[in-house]
Amino acid sequence: MQVIERDTIKSIIQNINIILTTPKGSDPHRPLFGSNIWQFIDQPLTVITRGRIKAEIIEAIETWEPRVEIEEVYLQRDYSSLRIIIKYKIKETETIQTQEITL
């Protein structure tokens, strides 16, 4: 059972990375797959922009990774990158995971 859980976690981590780093429209077989967070990379992190980025992340993950439920999304702007921290629950095991992605 433990091995299956580790494999599930690895698969979810990989899928979330792929979902968030794939621009919508770039996969000809699944034109709606991915997210549009790349559109916000150069924008200042105002309250409105933060809300739009979080909404885009949540919608993309909930659409394309049904094994998880988003708990929280945190955003941090570094000098030249956007750091995204996603806290989610794996539905099958009720396990809480945190994943970080830098764009």
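The number of residues in region 70-94 that are surrounded by 13 or more Cβ atoms within 10 Å (Cβ to Cβ) and outside any strand (DSSP E or B) comes to 1. Selection of first residues in region 31-47 that are closer than 19 Å to residue 74 by Cβ and of second residues that are of a type in the set (Gly, Ala, Ser), restricted to Cβ pairs under 7 Å at least 6 apart or on distinct chains, gives the following pairs, ordered by first then second residue: 35/60. Among the residues making up region 15-36, a single one is open to solvent by 80 Å² or more (accessible area, probe 1.4 Å) and either at pLDDT 95 or above or charged (D, E, K, R) (or both): 30.
Name, by its number, the condition in (1) within 13 Å of the chain's Cα centre (by Cα); (2) open to solvent by 70 Å² or more (accessible area, probe 1.4 Å); (3) of a type outside the set (Phe, Trp, Tyr) that does not hold for residue 53. Tallying (1) within 13 Å of the chain's Cα centre (by Cα); (2) open to solvent by 70 Å² or more (accessible area, probe 1.4 Å); (3) of a type outside the set (Phe, Trp, Tyr), residue 53 fails exactly one: (2).
Against the list (1) over 16 Å from the mean Cα position of the chain (by Cα); (2) more than 17 Å from residue 103 (Cα to Cα), the condition residue 88 fails is (1). With respect to the conditions (1) in a strand (DSSP E or B); (2) loosely packed, with under 11 Cβ neighbours inside 10 Å; (3) not aliphatic (A, V, I, L, M), residue 99 lacks only one, and its number is (2).
The rows are residues; the columns are (1) assigned to a loop (DSSP other than H, G, I, E, B); (2) within 11 Å of the chain's Cα centre (by Cα); (3) of a type in the set (A, V, I, L, M); (4) modelled with pLDDT under 90.
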{"residue": "3", "(1), (2), (3), (4)": "no, no, yes, yes"}
{"residue": "12", "(1), (2), (3), (4)": "no, yes, yes, no"}
{"residue": "38", "(1), (2), (3), (4)": "no, no, no, yes"}
{"residue": "48", "(1), (2), (3), (4)": "no, no, yes, no"}
{"residue": "59", "(1), (2), (3), (4)": "no, yes, no, no"}
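Pairs linking a residue in region 78-99 that is of a type in the set (A, V, I, L, M, F, W, C) to a residue that is assigned to a loop (DSSP other than H, G, I, E, B), with Cβ atoms under 9 Å and 6 or more positions apart or on different chains, are 82/41; 82/45; 82/103; 84/103; 90/67.
If you go through region 61-77 and keep only what is touching a residue at least 24 places away in the same chain (Cβ under 8 Å), in contact with a Phe, Trp or Tyr (Cβ under 9 Å, 6 or more places away or on another chain) and not β-branched (Val, Ile, Thr), you end up with 64, 65, 71.
The values are calculated or read from the model by the stated rules, or taken from the named source; none is laboratory data. Only a predicted model underlies this, so the values are computations on that prediction, with no experimental measurement involved. Glycine also receives a Cβ, built like all others from the backbone with ideal geometry; neighbour counts cover every protein chain displayed. For the accessible areas, the whole protein counts, side chains as well, though only heavy atoms, and no ligand, DNA or RNA atoms are used. Shrake-Rupley method; radii C 1.70, N 1.55, O 1.52, S 1.80 Å.
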